[in-house]
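Bear in mind that the values in this text are calculations on the coordinates, not laboratory data. Values in this document were obtained by computation on a predicted structure and should not be read as measured data. Please note: Cβ atoms are built from the backbone with ideal geometry, for glycine as well, and neighbour counts cover all protein chains shown.
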Amino acid sequence: MVAFLQVALAGVVTGSIYGLLALGIVLIYRTTGVLNFAYGAIGAVCTGFMAILMMGPRLPFGLALLGALIFSALLGMGLERSFARPVLRAPVFTKAIATLALALILETVAQQIWPQLSQAVHFSSPFATASVRVGGVYIALIDVVILLVTAGVMVALQLFLTRTKLGIAMRATADNQDAARLMGAPVGNISLLTWGLSAVIAALAGILLASRTGLMNLSFLDPVLILAFIGAVLGGLESLPGALIGGIVIGLLDNLLALILAGHSLGPLDISDPGIRQALIFGGFVLVLLFRPQGLLGQATLRRV
Amino acid sequence: MSDPASASPRSAPPSAWLRSRWAGWFIAGVGVVALLLVPSTYDALYGFQAGFQLHRISLIGIYIIAALAQNVLTGYAAQPSLGNAAFFGVGAYLLAWTNTDLHQPYWLGIVIAMVVCALLGLIVGGPALRISGTYLAIATLGLVLVTQSLLDLWDKTNGRQSYDLTQLPLSLGDDHTLYVFIVVIVVAVLFFVRNILQSRVGRAWVAIRDNEAAAEAFGINLTTYKLLAFVISALLTGLAGALYATWATTASSSSSSADQTIAFLAMIVVGGLGSIVGSVIGAIFVGFLPLLLQQLPAIVSAGPIRIQVTTLQSGIFGLLLLLALIFFPEGLRGIVDRAGLLMRRLLNRHIATGASEGVER
Amino acid sequence: MTDALLTITDLTVRFGGLVAVDRFDLTVPSGQIVALVGPNGAGKTTVLNCISGFVTPTNGAIQFAGRDLLRLPRNQRARVGIGRTFQNLQLFASMTVLDNLLTAQHSALRATILGGLLPFGPARAEDARARAHALATLDLLGLAHYAHQVAGTLPFGAQKLVGVARALVVRPQLVLLDEPAAGVMHADVLDLAASLRRWRDEVGTTLLLVEHNMSLVQAVADSVTVLDYGRKLAEGLPQAVLSDPAVLEAYLGSDGAASDATVVAEEAPNVAN
């Protein structure tokens, strides 16, 4: 039971990171229609910037964090102006592939500036070693931080979108850009804000993950990104809580399956292999989509003749 | 409505020949002959390196088949599936298995790869009909990752480092023969796919893409034709995968990676959705440009600045890809279309002036 | 004239609480042009959608050429001889006009993917016949000069006409026309009316027409049925029905508007000749 709780907790924690990334993916997808394959690269570059701040000028964690978050907001807004604008009216596939090109460019540029980050580097954080014990369950301090930050981001985002004028304009833009423009919503600034905000979220997710594992490089978010995408789609691609829940479900499933399958084998087949686990998760994901083609929390769209 | 009298001269231009089927076959014929002359040209150009260079460009042919397959599914039948790399990997492994472990003839391995992939396409296509848009794209991307995991696992269970094809026909070991072999297959595939796209089946796919409701109202069975697109696409991708294994003389699970499957999509997006020419251009762009970039000098120095070009390759490729997408959001085939239009106009003017001179005389 | 091709009995369609069509009866005799008119939201297009299968009625029956239409799946209805146009175009926009008409003949052709593999053979011969047929149809409707243009690039009015041609090309027994004149310029409406009548006379197609444009209705319809709030308000010869005070009231509100309708009624006979 304790082992189960321990694993479930770990699942929720990794799932929260997938969920954070899924939040940013859905945010950009809803407001600008871009399926952002560069999202992992954006998070990795921001995390890398923070690692450099801590390694080079030896800034303390807090200051480096602040610097990285400001950097990420600027990066996101800069990308909106330089990248998202020119492809805004392009077909949806063109936009998706354009983000792929963007990821290649970002990673190359970052590698030129910080060649040391092409290998894994140590990422130190003040939460690295401490842990608390609740009942029989050990909780690493960093895990507590991850859960708190995730919850904080979700609540803040939800409040922003439902309580502030700008947030409501942002939702209107997501529903219908042309209508929102006619109603006087500052569509251009909203797109700018969306990219900035989602880049900050990507940076947070990257920094949290790097703090947890103690390591990072410029492509360390790539494998995580696919799970985040699946979480986002599982949650319905429409709703932010859906994205978070989708991410957490994926994280939980991954960890629980690892526990259940550990040490078992079918004949020559070692089913505790991570490959089997992945196959089961993706298989389950496809099954869910078959019964709920719009994801767990998405709504069916109507077709008109 | 425009005046019929002014429109009619445009509908029967003197350059009608350029649009006629004979012109098309003629251009295609010239193209094939040119492709078959490439090996001798390379012998003259590269000497003993010709084989190596031919081997590299043979890969483009394999990508052309895969890009066509993706375009049939996504550009024509409008199914935004990212699952094709699954068939690419399965095709490669099936050939490796029949070739190395079962000691079957090479051609049989190719046929098995195609048939099994077609069946898998049917199995994947069934559920895919219930899922649409982005959901389908991500779900099928998941399928690719599952396939990669399973292929990896197969390797691991058998304790293989790599799955080498040991019983390949000796002649395919020669780079010149391999090149001609691939060119012949690519030309055949282009020929058949073009015919299908211009037939009742191709029109049904485009009808579904343009307007599902209207397509149905004219008796097009959506399920049948979408499934058919999945099957044809999977079959061709399976063929491409088997050829890839032949080309690399090994099958690797990276054939079924997310990167590979997105590369297929990138090919048709940068080349042009719903266009055969676009598939070819896209395959060249995504398949050949990185090879060209490898030819760049390793270090460029201008005065005190020394630039390490080798580490810039993927970034340069990304930049070129991005520029292509920004300036040609409908695909690079736009260049070809414009060139064709220009040629037709020039020809029209030429003939028109010739005709009017004739009248004057 | 002759026996009924299409018989609608007791048709009722509810969308949630809204009754779109309410116990509607209609008989379309073979070879006739019947117009279905009524104010916006009266349920005319819903009736068409029931016939072509995009809407499943809550209640009622539709008989077509002696067969129970409601039991046929949507994509089978083209096969039994029902064609239609759409109110909001729905052309295959990226195809040429000719390819639009070839696609419309889908059910009449047999070529499978195997036949399509080759640039010659029975599949291509069949295709060539379909092409000739499509060109003949365009000719008859005066649209031949559009054949090789991409449908989506044509002016709106021309696209409407292509929509009509696409519905007629398979020579269905019954064609449902959903506001073919909407958005078409007045002069072209008269052309359209002439084309439709000529088509009916030469090919013998039965037409069921939903239309707001009274000049077209006056010019082509053999009989007119008026729908209002999903119910049948009147039925009969165009002249009689369109001057019926109850119809004018439903259509145009009460007074003042009557003069408009009279104008329409007066100009119509010229068109018919």
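Put a dot 7 Å past the Cα of B:Leu320, heading toward its Cβ, do the same for A:Leu74, and the two dots end up 3.2 nm apart.
Rounded to the nearest 500, what is the 222 nm mean residue ellipticity of chain A from helices alone, with -39500 (n - 2.57) per DSSP H run of 4+ residues and division by all residues?
On the way: 11 runs with 209 residues, N = 305.
Taken over chain A, the calculation gives -23500 deg cm²/dmol.
Only helical runs count toward this figure. For chain C, summing -39,500 (n - 2.57) over DSSP H runs of n ≥ 4 and dividing by all residues gives -11500 deg cm²/dmol at 222 nm. Helix B:276-294 axis versus longest C-alpha principal axis of chain B: approximately 60°, rounded to the nearest ten.
Cα gyration tensor of chain A, axes a ≥ b ≥ c as square roots of the eigenvalues: rounded (a/c below 1.5), prolate (a/b > b/c) or oblate? Walk me through the numbers before you get to the answer.
Numbers: a/c = 1.62, a/b = 1.19, b/c = 1.36.
Here chain A falls in the oblate category.
How far, in degrees from 0 to 90, does helix C:186-203 lean away from the longest principal axis of the Cα atoms of chain C, to the nearest 10? With both axes taken from Cα atoms, the answer is about 70 degrees.
Using r as the Cβ-Cβ distance of C:Asp222 and B:Ala339, and R0 as 60 Å, what FRET efficiency do you calculate, to the nearest 0.05? Mind showing how you got there, number by number?
Numbers: r = 54 Å, r/R0 = 0.91.
Taking R0 as 60 Å, the efficiency between C:Asp222 and B:Ala339 is 0.65.
If you run the Gaussian network model on chain A, springs between alpha carbon atoms under 10 Å, then out of A:Ala38, A:Ala262, A:Ala185 the most flexible one is A:Ala262.
Using the count of nearby Cβ atoms within 10 Å as a rough guide to exposure, how do A:Asp143, C:Asp3 rank from fewest to most?
Working: A:Asp143 21, C:Asp3 10.
Fewest-to-most ranking of A:Asp143, C:Asp3: C:Asp3, A:Asp143.
Highest GNM mean-square fluctuation among C:Phe120, C:Phe24, C:Phe15, for chain C modelled with Cα contacts below 10 Å: C:Phe120. Please identify the DSSP H helices in chain A that span no less than 30 Å along the helix axis (Cα) and have a mean Kyte-Doolittle hydropathy of -1.0 or more. Membrane-span-like by this criterion, though nothing is claimed about a membrane: A:2-32, A:92-113, A:141-163, A:187-213, A:240-261. Each Lys and Arg Cβ is given +1 and each Asp and Glu Cβ -1; about its Cα centre, the protein assembly as shown then shows a dipole of about 940 debye. Here the residues A:Ile260, B:Ile305, ranked from fewest to most Cβ neighbours within 10 Å of their Cβ, fall in the order B:Ile305, A:Ile260. Partners of B:Lys156 within straight-line reach, counting lysines whose Cα lies under 27 Å from its Cα and excluding those fewer than 8 residues away in the same chain: none found. Put a plus charge on the Cβ of each Lys and Arg, a minus charge on the Cβ of each Asp and Glu, and nothing anywhere else: the dipole of chain B about its Cα centre is then about 740 debye. Computed from Cα atoms, the angle from the helix B:200-210 axis to the main principal axis of chain B rounds to 90 degrees.
Reported to the nearest whole Å, the Cα centre-to-centre distance from the range A:149-225 to the range C:184-246 is 56.
Quantify how strongly other chains surround peptide A:103-111 by giving the mean number of their Cβ atoms within 10 Å of each of its Cβ atoms.
Details: counts 2, 10, 8, 2, 3, 9, 4, 1, 5.
Going residue by residue through A:103-111 and averaging, the value is 5.
By the helix-only formula, in which each DSSP H run with n ≥ 4 contributes -39500 (n - 2.57) and the sum is divided by residues, chain B has a 222 nm mean residue ellipticity of -24500 deg cm²/dmol. Between the listed residues A:Ala51, A:Val155, A:Ala128, the Cα displaced farthest toward the positive end of the dipole of chain A, a dipole computed from Cβ unit charges relative to the Cα centre, is found at A:Val155. Rounded to the nearest 0.05, the FRET efficiency derived from the C-beta distance between B:Ile299 and C:Thr112 at R0 = 51 Å is 0.30.
Note on B:Val309 and C:Phe120: with the Förster distance fixed at 56 Å, the Cβ-Cβ geometry gives a FRET efficiency of about 0.60. Label separation (B:Trp22 vs A:Val109): 5.5 nm, computed from points 7 Å beyond Cα along the C-beta direction. When the Cα positions of A:Leu66, A:Ile146, A:Asn189 are compared along the charge dipole of the range A:17-221, A:Asn189 comes out farthest toward the positive end, with charges on each C-beta of Lys, Arg, Asp and Glu.
Could you check which residue among A:Val45, A:Val137, A:Val34 shows the biggest mean-square fluctuation in a GNM of chain A with a 10 Å Cα cutoff? Of A:Val45, A:Val137, A:Val34, the Gaussian network model singles out A:Val137 as fluctuating most. Cβ crowding within 10 Å ranks C:Thr153, C:Thr46 as C:Thr153, C:Thr46, fewest other Cβ atoms first.
Extending 7 Å from Cα along the Cβ direction at A:Ala120 and again at A:Leu215 yields two label points whose distance is 0.0 nm.
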